[in-house]
Amino acid sequence: MKTKISLKEAISIGIGGMVGGGIFAVLGLAVSLAKGGTPVSFLIAGLIALVTSYSYVKLSLKYPNRGGTVKFINEGFGNGIFSGGINNLLWVSYIIMLALYASAFGSYAPNLLQLTSDRTLDAHIYASFIVVLATAINYYSISVVGKIESYAVIIKLIILLSFAGFGIYGLFGNPHVAQLAPENWESPFHLLTAGMVIFVAYEGFELIANAAPDIENPEVNIPKAYYWSVLFVVALYIIIATITVGSLAFGEIATAQDYVLAEAAKPMLGKVGFTIITIAALISTFSAINASLYGGSSVNYELAEDDELPNEFLHKIWNQPIGLFITAIATLIAVNTLKLESISTAGSVGFLLIFAVVNYTGFKLSKEIEGKKSIPLLGTISCFGAMIALLIQHYTVSKIDVFIALGIIAFCFTIEYLYKKTAHKKI
């Protein structure tokens, strides 16, 4: 039996992790924040992801482990309150991503079938339904999850690449192309912060780390898997953002913010294009929820194994870690209580902080991993600086989003502190 992961499969893991529900969920939000400079915002976020991938490459080669990010942080900081808090944040960030994907599914689904006369209520019903369905599939069979992913990656890439091809052709002669001109861009600071709000659309490349022990010819293929997948997705996102801004008036984009990619297909392909992109969004978000539920429960189990969460999290319900059930319940609460922008901001803040810590680990362990110090240091400064810029900008617009993001971080560290203190007393 074949046990090794080829380069093509490793790249698919990275692309599949990034091109999940993120682009469908945050594209409209990005345009509302960056206007004509939306492609630039996607480029900024992509460059930070690319710099961070260097640390992941070096750490994956030195410490190949299915724990991925969790193991890297523990290697850099030991098994203490700080590493435990950051790793808890990784698990919670999975929950936030799940809420983002479910929210996107809920926004697109009513375009095909309205359940009630209230679109908002429909969105919540669909979002809740898809989380419950994906949880049931995860409990039924992990192999089914894998099969869904393998087919979904192919389908969504074919549709998105076709959209890109038709979209570029459709830009010729479209009067809205003028919206891409620099005079329609927001300020450089707003382009940066818009890029950081949508940073969640890039976070999936870190899934390659979990597959690192099984990648064949790792010295050659691990770097290629990270760099090629990130570069491909950066190019795809920039093209999609360019087509969207160049195809629709800003007013139309604002009206259809939650399902703007489907709306952007209308000028070229009419109602058929709108329906095809809607179906692609539903397939993509469903597959992303499936995979992230499995990933989130695995992180939760890994933390319990590393004594960063109580041993009770090692227990199983219906032959799956109890973390799967808890992750699903937390996702249902988040998607039905938080707004899309709050979810996206919290997710981006969480992953920017996690990636800043991973980059610092790469800097700190540069001798052990035989890497340069300058690139991880640049990644640390970029991720942390971008996170601070995002918090500052959002504080002036929506204080509640900032408090939610900071509250989640504080909660993760408080839980770890209390657990370590309680566990120490028992010993």
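The values are calculated or read from the model by the stated rules, or taken from the named source; none is laboratory data. As the structure is a prediction and not an experimental result, all values here were calculated from the model. As a convention, Cβ positions derive from the backbone with ideal geometry for all residues, glycine included, and neighbour counts pool all protein chains shown. Heavy atoms of the whole protein, side chains included, go into the accessibility calculation; ligands, DNA and RNA do not. Shrake-Rupley method; radii C 1.70, N 1.55, O 1.52, S 1.80 Å.
Checking residue 367 against (1) under 30 Å from residue 62 (Cβ atoms); (2) part of a helix (DSSP H, G or I); (3) free of Cβ contacts under 8 Å to residues at least 40 places away in the same chain, only one condition comes out false. Which one?
The one condition residue 367 does not meet is (2).
From the list 55, 117, pick out the single residue that is hydroxyl-bearing (Ser, Thr, Tyr) and in contact (Cβ under 8 Å) with a residue 40 or more places away in the chain. Walk me through how you get there before you give the answer.
Numbers: 117 fails: in contact (Cβ under 8 Å) with a residue 40 or more places away in the chain.
Every option except 55 fails the conditions.
For residue 177, are the conditions met, namely being surrounded by fewer than 19 Cβ atoms within 10 Å (Cβ to Cβ), in a helix (DSSP H, G or I), in contact (Cβ under 8 Å) with a residue 60 or more places away in the chain and touching a Leu at 6+ places or on another chain (Cβ under 9 Å)?
The answer is yes for residue 177.
Please specify each residue of the range 25-68 satisfying the condition of being among the polar types (S, T, N, Q) and at pLDDT 90 or above. First the steps, then the outcome.
In the first step, residues of the range 25-68 are kept if they are among the polar types (S, T, N, Q); the result is 32, 38, 41, 52-53, 55, 60, 65.
Listed by number, the residues that qualify are 38, 41, 52, 53, 55, 60.
Filter the range 301-316 for residues that are surrounded by fewer than 18 Cβ atoms within 10 Å (Cβ to Cβ) and either without any contact (Cβ under 8 Å) to a residue 40 or more places away in the chain or acidic (Asp, Glu) (or both) and give the result.
Scanning the range 301-316 gives 305, 306, 307, 311, 312, 314, 315, 316.
Would you please list the contacts, defined by Cβ atoms under 7 Å and residues six or more apart or on different chains, that run from a residue in the range 400-416 that is open to solvent by less than 40 Å² (accessible area, probe 1.4 Å) to a residue that is among the charged types (D, E, K, R)?
401/341; 416/308
Inside the range 67-98, can you point out the residues that are under 19 Å from the mean Cα position of the chain (by Cα) and open to solvent by 10 Å² or more (accessible area, probe 1.4 Å)?
91, 92, 94, 95, 96
Does residue 59 satisfy the condition of being more than 22 Å from residue 281 (Cα to Cα), hydrophobic (A, V, I, L, M, F, W, C) and more than 14 Å from the chain's Cα centre (by Cα)?
yes
Does residue 355 meet the test of being within 21 Å of residue 43 (Cα to Cα) and not aliphatic (A, V, I, L, M)?
Values: within 21 Å of residue 43 (Cα to Cα): yes; not aliphatic (A, V, I, L, M): yes.
Spelling it out, residue 355 is indeed within 21 Å of residue 43 (Cα to Cα) and not aliphatic (A, V, I, L, M).
Looking only at the range 318-335, which residues are touching a His at 6+ places or on another chain (Cβ under 6 Å) and surrounded by 20 or more Cβ atoms within 10 Å (Cβ to Cβ)?
Passing the criteria: none in range.
In the range 376-390, how many residues are touching a residue at least 40 places away in the same chain (Cβ under 8 Å) and surrounded by fewer than 19 Cβ atoms within 10 Å (Cβ to Cβ)?
Here the count works out to 2.
If we keep just the residues of the range 417-427 that are open to solvent by 40 Å² or more (accessible area, probe 1.4 Å) and hydrophobic (A, V, I, L, M, F, W, C), which is modelled with the highest pLDDT?
418
Do we have any residue at all in the range 63-72 that's more than 30 Å from residue 255 (Cβ to Cβ) and hydrophobic (A, V, I, L, M, F, W, C)?
Yes.
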